[in-house]
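Okay, so here's the structure we're looking at.
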Amino acid sequence: MRERKTTNFGMTKMALKRYLSLKNIIPSCIKPQSSCPKVHASKQSPSQRLSLNEFSHTGSPLSLTDLSNSLISLHVFTFKELELITHRFSKCNFLGEGGFGPVYKGFIDDNLRPGLKARSVAVKVLDLDGTQGHREWLAEVIFLGQLKHPHLVNLIGYCYEDEHRLLVYEYMERGNLEDKLFKRDGPPLPWLTRLKIALGTAKGLAFLHEEEKPVIYRDFKTSNILLDMAYNAKVSDFGLATDGPEGEKSHVTTAVMGTEGYAAPEYITTGHLTTMSDVFSFGVVLLELLTGLKSVDKSRPGREKNLVEWARPVLKDPYKLDAIMDPRLEGQYSTEGVKKAAALAYQCLSNHPKSRLTMSNVVKALEPLLDLTDIPAGPFVYRVPADDNSEPVIRKIEQREEELQIVKKEEKKEKRRLARRKIRRIRVRVKPSRSRVVYSDTDLYKALGSSLYAPKH
Ligand SMILES: Nc1ncnc2c1ncn2[C@@H]1O[C@H](COP(=O)(O)OP(=O)(O)O)[C@@H](O)[C@H]1O
Ligand SMILES: [Mg+2]
């Protein structure tokens, strides 16, 4: 199942054109010209951070030069260049698709442009007949251009030419979590890999929430979580990201956007958005990782259609947990680890936002679970060839073991890295500067009404 196209406010082609006519949002300078072929930026203090607001209001005095100066070295590509590196957006380079449009694999190096580091990239192309538009493109450029973190996907550049809106990201070899978790054509994700993914994305969200000006991600779900070769998880797709409440305010009020099955109940009913809405969505993904079931599946009977409704009551009962755990794990998980992860999911899924944990507390609770390795060994496996269309069973087991080894190696590396960072911090005694964050224009949404989209089948 792929996510339903992100029809957040049903933007039509005409609406898109209206947006594009707001020349002051992005002036012509954004077109790749020799004067601004690549954006190099110097770090600014948090007070100088640029907000989406400043770019979204008509009459805004800001130009793309201001934007360029504030983004951390984004490349501005021409449409032709992106056409070239994706072989004219060929089908064989197709990686996936959401509401914004199709995503293709490409390769950049200094043959394309002198100085470009050779690497694979993912190019997301705005579907002009689709339901998203300039606002989502701009949100991704502004948020991901200013926020850099190991658990947020890295935006390398963009293209803005005539009606074309494209985004160029680092390529994530293992694609999205939705496919890895729910597609039956590969080996199941082992327990420790699931935990590693949960922890990685929790760190990404905690980073967003703890910025001086917090960012609410708003569309946390498995198809927006990308995995690299070593199953490091990164949060991607910032099209719906928005700014947290300012000053004394407890929430921002917006039209309801997100995905059915993931959006927090209070946000759906009141339109009040807080960082706790992301915590709820995180709880849903954690529950999906535990059970191997999709948050919404209309083909399931009765209450089971909605995973949270059906499984949340069981999460607080350690004796019933085995019954809802993903059978594909074949019992190969730490009982203690599962109990604690389930209790965590239960708290994140509270109907009362104030009873939920903050994402940094979720990180603290998840971290020690990776050390719980009381995982029963897998069953003895005969080397039997599987049917024609699938791999031999033994290969699947080997693959699973390889994955576990990768996870363990990566964990050791990360621990060493953190230890080194701690030592450095003590030496210099300087609080590390954080990446910039911006404030966006939620007013843009207000006029556009509420539409909560459901996952596509
Ligand atoms: N950087 C990437 N590397 C690999 N695959 C990607 C990358 N970005 C997106 N994809 C694939 O494209 C799909 C849609 O991307 P996404 O950014 O979520 O688009 P949308 O904004 O349309 O929802 C993802 O679920 C994933 O399968
Ligand atoms: Mg998406």
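Computed quantities for the displayed model
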| quantity | calculated |
| --- | --- |
| Cβ-Cβ under 7 Å pairs, at least 6 apart or on other chains, region 126-149 side more than 16 Å from Gly258 (Cα to Cα) and within 13 Å of ligand 1 (Cβ to nearest atom), far side modelled with pLDDT of 90 or more and part of a helix (DSSP H, G or I) | Leu126/Trp137 |
| Residue in region 241-258 that is assigned to a loop (DSSP other than H, G, I, E, B) and near ligand 1 (Cβ under 9 Å from one of its atoms) present | no |
| Count of residues meeting criterion [assigned by TED's automatic domain parsing to the domain that holds Glu136 and more than 18 Å from the chain's Cα centre (by Cα)] in region 159-203 | 7 |
| Pairs, first charged (D, E, K, R) in region 93-114, second within 8 Å of ligand 1 (Cβ to nearest atom) and in a strand (DSSP E or B), C-beta under 8 Å, six or more apart | Glu97/Val103; Lys105/Leu95; Lys105/Val121; Lys105/Ala122 |
| Some residue of region 128-151 being modelled with pLDDT under 95 and of a type in the set (Ser, Thr, Tyr) | yes |
| Single condition Asp110 does not satisfy, out of (1) more than 14 Å from ligand 1 (Cβ to nearest atom); (2) closer than 22 Å to Asn224 by Cβ | (2) |
| Matching residues, region 314-365, being among the polar types (S, T, N, Q) and touching a Lys or Arg at 6+ places or on another chain (Cβ under 8 Å) | Gln347, Ser350 |
| Residue within region 216-234 that is more than 15 Å from the chain's Cα centre (by Cα) and assigned to a loop (DSSP other than H, G, I, E, B) present | yes |
| Qualifying residue in region 202-213 (condition: of a type in the set (Phe, Trp, Tyr) and crowded, with 21+ Cβ neighbours inside 10 Å) | yes |
| Residue count, region 215-262 (criterion: touching a Ser or Thr at 6+ places or on another chain (Cβ under 6 Å) and within 11 Å of ligand 2 (Cβ to nearest atom)) | 6 |
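The values are calculated or read from the model by the stated rules, or taken from the named source; none is laboratory data. Keep in mind that what you see is a predicted model, and the values were worked out from it rather than measured. Glycine also receives a Cβ, built like all others from the backbone with ideal geometry; neighbour counts cover every protein chain displayed.
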